Amino acid sequence: MRSVLGQLHLNKVTKSFGDIKVIKGVTLDIQDGEFVVFVGPSGCGKSTLLRIIAGLDDATTGDIVIDGAKVNDLAPVNRGIAMVFQSYALYPHMTVFENIAFPLRVEKMPEAELTAKVEAVAKVLQLDQRLQQKPGALSGGQRQRVAIGRAIVREPKIFLFDEPLSNLDAALRADMRIELTKMHHDLAATMIYVTHDQIEAMTMADRIVVLNGGFVSQVGKPLELYHKPQNKFVAGFIGNPKMNFLPATCTAAGPDGVTVTCEGQTIMVPVEPRNGLIGKTLTLGIRPEHIHLGKGDIRFDVVPTVVERLGVNTIVYATATGAEPFSAMLPGAANVSVDTPSTIGFNAADCHLFDGADQALERRTDLHEIDMAQLAAQSA
Amino acid sequence: MSTSTPMINRYKWYEIIGIYCGIALFLIFVLSPFVEGFLVSLKPLSRLFSSPYRFWPEHGSFAAYSTMWESVPGFARYVFNSLFISGVATVVVLMLVVPAAYAFARFRFPGRGPLLGAFLAVNMFSGAVLIIPLFRLMRSMGVLNTYWAMIVPGVAFLIPTAIWLLRTYMLRIPKELEEAAYVDGASRLYTFRRVILPLAMPGITVVAITTFINAYSQQFIYALTFNSKTDYMPLPIGLFAYFGRQEVIWNELMAASFVGIAPAMIVIFFLQRHLVSGLTAGAVK
Ligand SMILES: Nc1ncnc2c1ncn2[C@@H]1O[C@H](COP(=O)(O)OP(=O)(O)O)[C@@H](O)[C@H]1O
Ligand SMILES: [Mg+2]
């Protein structure tokens, strides 16, 4: 297939519905051939931003630039984008063939060429046996593939996906994730993918854009977001179960890191120090998977309230000293049981620190690999 | 494999008897005038008022169904007029209402709400209330004593209900379908033709049927007031021809009534085949 690439630039884009500001100023650069995932909680404006890029909604202010040309006033088709809707939006009265052929019919493509293209796309998506059926007769996964087929048949520069997998069951979702990643590789097109599922974001993206309340919270590679979240929101959003937050008091800051007191114990966390930290109350973040049973630079007792045994690991939920629930992911079949106090601990090197404004102090760590498969298994 | 009834649809035997009794009572109430009308059409005129009155006809025959054509030679013409007026009215209503209903369902424009409300308000007046202003209007348009005299007011009073019906139906067509078509480069008109119209077909059929029936039944008031040409008279007026100078030819009148509505029934029978449900299955989700 022709691989025309699309480079997208958003410049201070905002969007209001009446008095309500939904997108509050987004500036973003997306490179040719990149797979970018917009992730964020429901209602944070992901769909709205995607619809602005598509040309289904106008930006209230700001510019959308594709391949160097401002496209604010261009119709979607002239922007060279194709979109896959969350609800698939298939034409129920048309066959699979006609659904996929729709964009080509609009272009008035000659019949022979059209048939060849649709059949090629159907083959890639394993729909060649279904071409004469109506969408109503297809399974969820097949409908999804028809919707994708309708997008790729036009060979757009940029693909937009709005939560394309959210209506599928867990197993099918995992399969489609792999298929989409493969498709991105084969088509080498720019893809922008919206999801509220951080596992999809972590496993598929070249870069992730974390949105929160109409702002970009952080942009980065998956491992960057995991290891060096820039703020408490991203730290809590990426990772499952959620990162634990504990109050900590800063006692010293030096070139090696910041020393804090947490749970009555003192540790030195290797992060970039900042002026005026000493004496302040900070938030210490520690991921459940970095908690160990009985050992660590900081140790304390918790009483498990729920224990989930997943085989490969054990997840323990407990109430810690703070008001927030505390969770730990222990390897294998850990020796813990409900209502029996256990001593847990974690190491200073695994800690994150956030200042009073929830901004992270930059960690000094490599972006070492994390086990995505394990992460994915958690969410399924 | 036996077809099992879902739990929620299972009834005890006495509940079933009760349900059927209810249905029977209702049907008797609704259908008995028709049954009696039909039986009257089978009776010889001389026996109609014989006492004691007999419900079942003695010496019943279909003779009235052939003599009715001779008593009122123009009858076929009246039936045709009725069909023609209702048919044209239905076509005109559909041509106006389909795009209008789509606009009311999809576009936001100033005055949309008040306009829809106004349509409802218009429906509260029957044509009869407005007969005098309508007469002046028809006269100044110069359409008195033409088919248009019966078609135009009919259309005007049929449009509001039709718009409401069809708008409601069109609101159920997922918006994403149009957005998908728009993203794929289709124009509004193309989308309307290829996506909206086919999906709205059951709704359009319902509107066509109700419009046709209403046009059929309401035309007589316009015919009485705006038309005096016998050639253009519709069925209901035509039936008056069976009211003779001395006596009403009841059996032929009844026969003519049944013959008169038969074509309409046939039209409706064919229209309702478009009433397929579940047309949007598989569109979204
Ligand atoms: N057409 C609209 N009119 C008014 N408010 C809207 C409209 N579309 C979206 N919103 C609001 O904008 C916010 C973001 O919506 P959306 O972009 O759909 O979020 P999500 O991140 O879940 O996709 C929501 O609070 C929603 O209520
Ligand atoms: Mg959304």
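For the range A:17-27, does any single residue satisfy the condition of being within 16 Å of ligand 2 (Cβ to nearest atom) and within 16 Å of A:Arg154 (Cβ to Cβ)?
no
Sort out for me the strands (runs of 3 or more DSSP E) sitting completely within the range A:186-256 that have 2 or more residues that are within 16 Å of ligand 1 (Cβ to nearest atom) and farther than 18 Å from A:Ala348 by Cα.
Once the strands (runs of 3 or more DSSP E) in the range A:186-256 are filtered for at least 2 residues that are within 16 Å of ligand 1 (Cβ to nearest atom) and farther than 18 Å from A:Ala348 by Cα, what remains is A:190-195, A:207-212, A:215-220.
If we scan the range A:74-94, do we find a residue that is more than 14 Å from chain B (Cβ to nearest Cβ) and either crowded, with 22+ Cβ neighbours inside 10 Å or acidic (Asp, Glu) (or both)?
No - not one qualifying residue is present in the range A:74-94.
Looking only at the range B:199-222, how many residues end up being within 14 Å of another protein chain (Cβ to nearest Cβ) and open to solvent by 60 Å² or more (accessible area, probe 1.4 Å)?
Number of matching residues: 1.
Being closer than 24 Å to A:His93 by Cα and surrounded by fewer than 19 Cβ atoms within 10 Å (Cβ to Cβ) is the requirement here; does B:Arg172 meet it?
In short, yes.
Residue by residue, here is whether (1) in a loop (DSSP other than H, G, I, E, B); (2) open to solvent by 80 Å² or more (accessible area, probe 1.4 Å); (3) out of contact with any Gly (no Cβ under 8 Å at 6 or more places or on another chain); (4) small (Gly, Ala, Ser) holds:
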site	(1), (2), (3), (4)
B:Tyr11	yes, yes, yes, no
B:Ile16	no, no, yes, no
B:Gly60	yes, no, yes, yes
B:Trp69	no, yes, yes, no
B:Phe84	no, no, yes, no
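Helices (runs of 4 or more DSSP H) wholly in the range A:44-129 with at least 2 residues that are in the same structural domain as A:Gly213 (by TED's automatic domain parsing), of a type in the set (Gly, Ala, Ser) and within 16 Å of ligand 1 (Cβ to nearest atom) - which ones? Walk me through it before giving the result.
Values: elements: A:46-54, A:76-79, A:96-106, A:111-124.
Those helices (runs of 4 or more DSSP H) span A:46-54.
Restricting attention to the range A:95-124, and to residues there that are open to solvent by 10 Å² or more (accessible area, probe 1.4 Å) and among the hydrophobic types (A, V, I, L, M, F, W, C), which single residue is farthest from the other protein chains (Cβ to nearest Cβ)?
Per the stated criteria, the residue is A:Ala112.
Within the range A:321-339, is even one residue part of a strand (DSSP E or B), in contact with an Asp or Glu (Cβ under 6 Å, 6 or more places away or on another chain) and within 25 Å of A:Arg364 (Cα to Cα)?
Within the range A:321-339, one or more residues are part of a strand (DSSP E or B), in contact with an Asp or Glu (Cβ under 6 Å, 6 or more places away or on another chain) and within 25 Å of A:Arg364 (Cα to Cα).
Go through the residues of the range A:147-159 one by one and say whether even a single one is aromatic (Phe, Trp, Tyr), in a strand (DSSP E or B) and within 16 Å of ligand 1 (Cβ to nearest atom).
Residues of the range A:147-159 aromatic (Phe, Trp, Tyr): A:159.
Next cut, in a strand (DSSP E or B) only: A:159.
Checking which are within 16 Å of ligand 1 (Cβ to nearest atom) leaves us with none.
So far as the range A:147-159 goes, no, none of its residues is aromatic (Phe, Trp, Tyr), in a strand (DSSP E or B) and within 16 Å of ligand 1 (Cβ to nearest atom).
Please specify each residue of the range B:149-177 satisfying the condition of being of a type in the set (A, V, I, L, M, F, W, C), within 14 Å of chain A (Cβ to nearest Cβ) and assigned to a helix (DSSP H, G or I).
If the condition is that a residue be of a type in the set (A, V, I, L, M, F, W, C), within 14 Å of chain A (Cβ to nearest Cβ) and assigned to a helix (DSSP H, G or I), then B:Leu177 is the only one that fits.
Find the residue count for the range B:100-131, including only residues that are assigned to a helix (DSSP H, G or I) and either touching a residue at least 24 places away in the same chain (Cβ under 8 Å) or over 25 Å from the mean Cα position of the chain (by Cα) (or both).
17
Being at pLDDT 85 or above, in a helix (DSSP H, G or I), within 30 Å of A:Leu138 (Cβ to Cβ) and more than 14 Å from every other protein chain (Cβ to nearest Cβ), is that true of even one residue in the range B:256-266?
Taking every residue of the range B:256-266 in turn, none turns out to be at pLDDT 85 or above, in a helix (DSSP H, G or I), within 30 Å of A:Leu138 (Cβ to Cβ) and more than 14 Å from every other protein chain (Cβ to nearest Cβ).
Scan the range B:178-198 and tell me whether some residue there is part of a helix (DSSP H, G or I), within 14 Å of another protein chain (Cβ to nearest Cβ), in contact with a Ser or Thr (Cβ under 8 Å, 6 or more places away or on another chain) and surrounded by 22 or more Cβ atoms within 10 Å (Cβ to Cβ).
So far as the range B:178-198 goes, yes, one or more of its residues are part of a helix (DSSP H, G or I), within 14 Å of another protein chain (Cβ to nearest Cβ), in contact with a Ser or Thr (Cβ under 8 Å, 6 or more places away or on another chain) and surrounded by 22 or more Cβ atoms within 10 Å (Cβ to Cβ).
The values are calculated or read from the model by the stated rules, or taken from the named source; none is laboratory data. All values reported here derive from a predicted model rather than from experimental measurement. Here the Cβ is made from the backbone with ideal geometry for all residues, glycine too, and neighbour counts use every protein chain on show. Just so you know, the surface numbers come from the protein's heavy atoms only, side chains and all, with ligands and any DNA or RNA stripped out. Shrake-Rupley method; radii C 1.70, N 1.55, O 1.52, S 1.80 Å.
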